[in-house]
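Peer 1: Sharing a structure here in structure tokens format.
The values are calculated or read from the model by the stated rules, or taken from the named source; none is laboratory data. Since this is a predicted model, take the numbers as computed values, not measurements. For neighbour counting, all protein chains shown are included, and Cβ atoms are generated from backbone atoms with ideal geometry for every residue, glycine included. For accessibility, only protein heavy atoms count, side chains too; no ligands or nucleic acids. Shrake-Rupley method; radii C 1.70, N 1.55, O 1.52, S 1.80 Å.
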Amino acid sequence: MHTQKKNPDFNFNTVASIIFRPGAINDLANIVKSKKFKKIFLVTDQGLVNIGLIERVVNIFRKQGIQIGVFSKIVADPPSEIIEEASRQAIEYNSDVIIGIGGGSSLDSAKLVALLALQQESLEQVYGVGNIRGKRLPLILIPTTAGTGSEATPVAIVTTGKTTKMGVVSPVILPDIAILDPQLTLGLPANITAATGIDAMVHAIEAFTSKNKNNNSLSQNLAMEALDLLGISIVKAVRKGKSDRVSRSNMLLGSMLAGMSFANSPVAGVHALAYP
């Protein structure tokens, strides 16, 4: 005799719109134009400027007659001072949409810039879980690494003081659009491919095994699919990352699915250790 299974109550939030396609970056200006945005503020890091990616993006906008400002000072585990500086520049530029391009630090920073640019609350007021009270500017996130899944998470991590990390966690900072273009990850060095890929796998493992009361069947299925994609692709992406487009696509999709999973069935001890 079979008994009816009772699923536990849970909440599940994720990014509103996802565009996953090789070459999707070339449609960015058209996407922005369709939303009637006029003044774009781009948050990124100097590394992407150095390889010419940001110039390419800027030219895509300028050909369409769209104004764009660029902040390229984001560093790994960005300190609060840099995020506040970027926010001041976004305010001065009178931005009406924030775009984050890069690894997790750039995407996390863009989330907070979109929030702080409306000047409704300070960074100190929103640290922690569910402390955002105001709104944010429209937000588009474009990952160039396959690791953090930040484009699909309601989390932004900030370095406060010399070494301590603080988190801002709220569905408010989930982006409106996530654009995943596997071609942007083809040039990622092997060591970064490996490290970020393992990070994504840990996200999926922790989310699947989490004892949090919000651990749910959606998150678990996403975590399993993420691990499947990442597990069959990470070695190929590390060894043949410049040419193996299939493995790069699998890594990028797996990273996002892991992000969607742990965003709702939270990570656990491994990531908790990173704060101190």
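Peer 1: Consider Ala29 carefully, then state whether it is part of a helix (DSSP H, G or I) and either touching a helix residue (DSSP H, G or I) at 6+ places or on another chain (Cβ under 7 Å) or more than 26 Å from His203 (Cα to Cα) (or both). Break it down stepwise before answering.
Peer 2: On the way: part of a helix (DSSP H, G or I): yes; either touching a helix residue (DSSP H, G or I) at 6+ places or on another chain (Cβ under 7 Å) or more than 26 Å from His203 (Cα to Cα) (or both): yes.
Yes; evaluated as a whole, the condition is true for this residue.
Peer 1: Ok, one more. May I ask you to say which residue of Ala194, Ala237 is at pLDDT 95 or above and either touching a strand residue (DSSP E or B) at 6+ places or on another chain (Cβ under 9 Å) or open to solvent by less than 20 Å² (accessible area, probe 1.4 Å) (or both)? Spell out how you get there, then give the answer.
Peer 2: On the way: Ala194 fails: either touching a strand residue (DSSP E or B) at 6+ places or on another chain (Cβ under 9 Å) or open to solvent by less than 20 Å² (accessible area, probe 1.4 Å) (or both).
Residue meeting the stated conditions: Ala237.
Peer 1: Within the stretch 129-153, track down each residue that is in a strand (DSSP E or B) and at pLDDT 95 or above.
Peer 2: Here is the first cut: in the stretch 129-153, the ones in a strand (DSSP E or B) are 129, 139-143.
Those that are in a strand (DSSP E or B) and at pLDDT 95 or above: Leu139, Ile140, Leu141, Ile142, Pro143.
Peer 1: Additional query: Regarding the stretch 254-276, can at least one residue be identified that is among the aliphatic types (A, V, I, L, M), open to solvent by 40 Å² or more (accessible area, probe 1.4 Å), on the phi < 0 side of the Ramachandran plot and at pLDDT 95 or above?
Peer 2: Scanning the stretch 254-276 turns up no residue that is among the aliphatic types (A, V, I, L, M), open to solvent by 40 Å² or more (accessible area, probe 1.4 Å), on the phi < 0 side of the Ramachandran plot and at pLDDT 95 or above.
Peer 1: Right, next: Given the residues Ser255, Ser233, which is the only one that is of a type in the set (S, T, N, Q) and farther than 17 Å from Glu151 by Cα?
Peer 2: Ser233
Peer 1: Something else now. In this structure, does Ser150 turn out to be in contact with a Pro (Cβ under 6 Å, 6 or more places away or on another chain) and open to solvent by less than 10 Å² (accessible area, probe 1.4 Å)? Spell out the reasoning first.
Peer 2: Details: in contact with a Pro (Cβ under 6 Å, 6 or more places away or on another chain): no; open to solvent by less than 10 Å² (accessible area, probe 1.4 Å): yes.
No; evaluated as a whole, the condition is false for this residue.
Peer 1: Taking the residues in the stretch 45-99 that are touching a residue at least 60 places away in the same chain (Cβ under 8 Å), assigned to a loop (DSSP other than H, G, I, E, B) and closer than 27 Å to Lys135 by Cβ as candidates, determine which candidate is most open to solvent (accessible area, probe 1.4 Å).
Peer 2: This residue is Asp77.
Peer 1: Considering only the stretch 172-193, I want to know if a residue exists there that is under 19 Å from Asp77 (Cβ atoms) and of a type in the set (S, T, N, Q).
Peer 2: Within the stretch 172-193, one or more residues are under 19 Å from Asp77 (Cβ atoms) and of a type in the set (S, T, N, Q).
Peer 1: Scan the stretch 128-159 residue by residue and report those that are farther than 30 Å from Gly254 by Cβ and out of contact with any Leu (no Cβ under 9 Å at 6 or more places or on another chain).
Peer 2: Start the filter on the stretch 128-159 by keeping residues that are farther than 30 Å from Gly254 by Cβ, which leaves 131, 133-135.
Selection gives Asn131, Arg133.
Peer 1: Sticking with this one: Does Phe37 satisfy the condition of being open to solvent by 70 Å² or more (accessible area, probe 1.4 Å) and either over 17 Å from the mean Cα position of the chain (by Cα) or not aromatic (Phe, Trp, Tyr) (or both)?
Peer 2: Details: open to solvent by 70 Å² or more (accessible area, probe 1.4 Å): no; either over 17 Å from the mean Cα position of the chain (by Cα) or not aromatic (Phe, Trp, Tyr) (or both): yes.
Considered against the rule, which asks whether it is open to solvent by 70 Å² or more (accessible area, probe 1.4 Å) and either over 17 Å from the mean Cα position of the chain (by Cα) or not aromatic (Phe, Trp, Tyr) (or both), Phe37 comes out as no.
Peer 1: Looking at Ala178, Ala156, Ala114 in this structure, which one is hydrophobic (A, V, I, L, M, F, W, C) and in a helix (DSSP H, G or I)? Break it down stepwise before answering.
Peer 2: Numbers: Ala178 fails: in a helix (DSSP H, G or I); Ala156 fails: in a helix (DSSP H, G or I).
Within the list Ala178, Ala156, Ala114, the selection yields Ala114.
Peer 1: Give the residues of the stretch 32-44 that are touching a helix residue (DSSP H, G or I) at 6+ places or on another chain (Cβ under 6 Å) and part of a loop (DSSP other than H, G, I, E, B), sorted by residue number.
Peer 2: Matches in the stretch 32-44: Thr44 only.
Peer 1: Turning to a different aspect of this structure: Among residues belonging to the stretch 197-207 that are in contact (Cβ under 8 Å) with a residue 24 or more places away in the chain and β-branched (Val, Ile, Thr), point out the one that is most open to solvent (accessible area, probe 1.4 Å). Don't jump to the end; show me each part of the working.
Peer 2: Our first condition is that a residue be in contact (Cβ under 8 Å) with a residue 24 or more places away in the chain; within the stretch 197-207, this holds for 197-204, 206-207.
The next check asks that each one be β-branched (Val, Ile, Thr); those that pass are 198, 202.
On the way: Ile198: 91, Val202: 40 Å².
Checked the stretch 197-207; the qualifying residue most open to solvent (accessible area, probe 1.4 Å) is Ile198.
Peer 1: Looking at the stretch 181-201 only, could you name the residues that are charged (D, E, K, R) and part of a loop (DSSP other than H, G, I, E, B)? Walk me through how you get there before you give the answer.
Peer 2: From the stretch 181-201, those charged (D, E, K, R) are 181, 199; that's our starting set.
The one that is charged (D, E, K, R) and part of a loop (DSSP other than H, G, I, E, B): Asp181.
Peer 1: Residues Ser265, Ser233, Ser249: which one is in a loop (DSSP other than H, G, I, E, B) and either under 26 Å from Leu218 (Cα atoms) or not acidic (Asp, Glu) (or both)? Reasoning before the result, please.
Peer 2: Working: Ser233 fails: in a loop (DSSP other than H, G, I, E, B); Ser249 fails: in a loop (DSSP other than H, G, I, E, B).
Every option except Ser265 fails the conditions.
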